[in-house]
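Each reported figure results from applying straightforward, stated rules to the coordinates on display, with no laboratory input. A quick note: this is a predicted structure, and the numbers were derived from the prediction, not measured. All Cβ positions, even for glycine, are placed from backbone atoms using ideal geometry, and neighbour counts span all protein chains on display.
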Ligand SMILES: Cc1cc2nc3c(=O)[nH]c(=O)nc-3n(C[C@H](O)[C@H](O)[C@H](O)COP(=O)(O)OP(=O)(O)OC[C@H]3O[C@@H](n4cnc5c(N)ncnc54)[C@H](O)[C@@H]3O)c2cc1C
């Protein structure tokens with residue numbers, strides 16, 4: 001079996017990469033170890049409306065609900081409201097992630113991509129020390145698939161990067177351990193994605209409530225792995241739900257557990273290989289949102305591959321057009337947000353309360369960042385010291 005490109009993983013990053021490479025004439029195969037694309041869902045399903053910018057999703061079947069914005073609650077429950085435009089990666093739509101992934105896969109196959117389900121990559125194939133495809137296992141059969149380029153789109157647990165010698169190891173302080181219920185019979189009439197912060201609520205993370213309808217929502221939690229212990233995220237989430245009047249009578253129709261990398265991105269190209277999406281750690285380290293980057297980065301990856309196949313050049317230098325491209329598109333933001341994450345993690349709950357108290361009445365759309373900082377510090381002067389490192393980052397990056 002010989003292809004120009006074999007993509008390991010049929011998530012959004014893999015399907016978008018495959019689609020754009022195929023549209024430019026490459027012969028592309030996606031292999032996926034699951035038996036159904038997008039299932040089981042491992043996602044809060046919140047996404048920014050920027051997802052529309054790339055025009056990659058036809059129709060609206062993948063949208064469960066439209067959000068007006070986000071409400072962020074400090075530990076003492078002071079609320080700061082942000083419009084969807086300002087709220088970042090996870091607010092705009094709440095989606096049906098299974099339909100979303102399957103729609104991206106449909107678009108890929110329409111462009112000529114082949115998909116092989118129930119097929120697990122078990123190692124890289126090498127010829128004269130050069131990556132030349134993947135070894136796979138499909139049920140009891142093991143076989144080889146040759147390709148000029150291997151794409152590691154194999155998510156948070158990525159092995160492809162590691163097998164190629166890229167250091168993709170995740171430090172526990174850079175990994176959110178998550179779980180989530182989809183709850184019905186609850187009250188979530190307001191079209192807002194809610195985020196709850198606090199060391200007792202979710203150490204190093206947050207609780208989210210993302211409405212999928214008037215009485216159904218994804219209610220989840222992320223806890224930083226170095227601050228967590230076995231069973232802790234579920235215990236904290238159950239406790240949160242039991243004490244929230246809107247949620248406490250809810251019934252779960254789905255439970256999931258998963259992990260999100262909130263790390264610095266890794267190197268993403270080698271000779272004959274590139275990494276995209278969670279495998280490349282292209283996740284916003286503050287929110288844990290990765291979907292917009294899968295689409296944006298996947299398109300750049302696919303276009304780079306198309307160019308490489310046309311030239312028949314598969315070396316690291318040729319493929320580094322992709323690394324340069326995604327770094328220009330959103331690399332700076334990831335770098336800055338990683339530094340912000342590190343600083344905010346050091347904030348005590350009372351600092352978060354002060355911040356929320358200073359920000360609660362702002363109309364963010366109408367005020368400059370400088371005016372915001374000034375007003376903030378006037379209300380709680382002690383915040384100045386705490387916020388100085390954040391101001392330094394925004395002036396540098
Ligand atoms: C609990 C949770 C909540 C989240 N909430 C949000 C959110 O609200 N908004 C948001 O933007 N992001 C969210 N994320 C992050 C988001 O889900 C990821 O950024 C996104 O799924 C990354 O897509 P991907 O294509 O890189 O990887 P994935 O979607 O993980 O796809 C990887 C695919 O590779 C396959 N695979 C892995 N190894 C192999 C192998 N060896 N052989 C063959 N196939 C393989 C897997 O089966 C999988 O299908 C959340 C993540 C979690 C865990």
Checklist entry - Once Rh for segment 205-249 is found with the Kirkwood sum over Cα pairs, what is the Stokes-Einstein diffusion coefficient at 37 °C and 0.692 mPa s, in µm²/s? => result 290
Next on the checklist: Taking just the alpha carbons, could you work out the radius of gyration and Dmax for segment 92-208, both in angstroms?
Outcome noted: 20.0, 61
Checklist entry - What is the list of residues in segment 187-217 whose amide nitrogen lies under 15 Å from a point 7 angstrom out from the Cα of residue 39, following Cα to Cβ? => result none
Checklist entry - What ranking of 304, 119, 78 emerges when the number of other C-beta atoms within 10 Å of each C-beta is taken as an exposure proxy, fewest first? => result 78, 119, 304
Next on the checklist: Can you compute the FRET efficiency between residue 110 and residue 50 using 1/(1 + (r/R0)^6), with r the Cβ-Cβ distance and R0 = 35 Å? Round to the nearest 0.05.
Outcome noted: 0.90
Item to check | Gyration tensor verdict on the chain (Cα atoms; rounded if a/c is under 1.5, prolate if a/b is larger than b/c, oblate otherwise) | outcome: prolate
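I'd like the projected area of segment 295-353, averaged over all directions, using the convex hull of its alpha carbons. Report it in nm² with one decimal.
The directionally averaged projection comes out at 5.2 nm².
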Checklist outcome for this item: Helix 316-326 sits off the longest principal axis of the Cα atoms of the chain, rounded to the nearest 10 on a 0 to 90 degree scale, by 30
Checklist entry - Once you treat every alpha carbon in segment 110-162 as an equal point and sum by Debye, what is log10 I(q)/I(0) at q = 0.27 Å⁻¹? => result -1.22
Item to check | Pair residue 118, residue 199: separation of 7 Å Cα→Cβ label points (nm) | outcome: 5.2
Checklist entry - Taking Cα atoms of segment 252-338, Rg/Rh with Kirkwood Rh, to two decimals? => result 1.06
Item to check | Theoretical ellipticity at 222 nm over the chain - DSSP helices of four or more residues, -39500 (n - 2.57) apiece, nearest 500 | outcome: -9500 deg cm²/dmol
Checklist outcome for this item: Correct semi-axes for segment 242-397, from √(5λ) of the alpha-carbon gyration tensor and rounded to whole Å with the largest first, are 38, 23, 13
Checklist entry - On full extension of the chain, what length is gained from residue 83 through residue 173, given 0.36 nm per residue of separation minus the C-alpha to C-alpha distance? => result 29.4 nm
Next on the checklist: Just want to confirm a number: the relative contact order over segment 1-47, from Cα pairs under 8 angstrom separated by 6+ residues, in percent.
Outcome noted: 42
Checklist entry - How high is the relative contact order of segment 126-282, in percent, counting Cα pairs under 8 Å that sit 6 or more residues apart? => result 31
Checklist outcome for this item: Taking alpha-carbon centroids only, segment 61-112 lies from segment 330-352 a number of Å equal to 22
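For segment 15-138, what D do you get in µm² per second when you plug the Kirkwood radius from alpha-carbon pairs into Stokes-Einstein at 20 °C and 1.002 mPa s? Before the final figure, lay out each step's value.
Values: Rh = 17.0 Å.
Roughly 126 µm²/s, to the nearest whole number.
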Next on the checklist: Relative contact order for the chain: what percent, with Cα pairs under 8 Å and sequence separation of 6 or more?
Outcome noted: 20
Next on the checklist: For segment 1-103, give me the percentage of DSSP beta bridges that are antiparallel, rounded to the nearest 5 percent.
Outcome noted: 75
Item to check | Normalised convex hull volume, segment 175-300, alpha-carbon set, Å³ per residue | outcome: 122
Next on the checklist: Under 10 Å, Cα contacts only: if you run a Gaussian network model on the chain, which one of 191, 242, 13 comes out with the highest mean-square fluctuation?
Outcome noted: 242
Checklist entry - Order of 317, 142 from fewest to most other C-beta atoms within 10 Å? => result 317, 142
Checklist entry - FRET efficiency for residue 328 and residue 249, Cβ-Cβ distance as r, R0 = 45 Å, nearest 0.05? => result 0.40
Checklist entry - Taking neighbour Cβ counts within 10 Å as the exposure measure, how do 362, 143 sort from fewest upward? => result 143, 362
Next on the checklist: Given a Förster distance of 41 Å, report the FRET efficiency between residue 126 and residue 342 from their Cβ-Cβ distance, rounded to the nearest 0.05.
Outcome noted: 0.65
Item to check | C-alpha center-to-center spacing [segment 285-319, segment 173-200] in angstrom | outcome: 31
Checklist entry - Per q in 0.13, 0.23, 0.28, 0.29 1/Å, what log10 I(q)/I(0) does a Debye calculation on the alpha-carbon atoms of segment 86-126 return? => result -0.52, -0.88, -0.98, -1.00
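Only bridges with both residues in the chain count here: give the DSSP antiparallel percent, nearest 5.
Working: 56 of 77 bridges.
Roughly 75 percent of the beta bridges in the chain run antiparallel, per DSSP.
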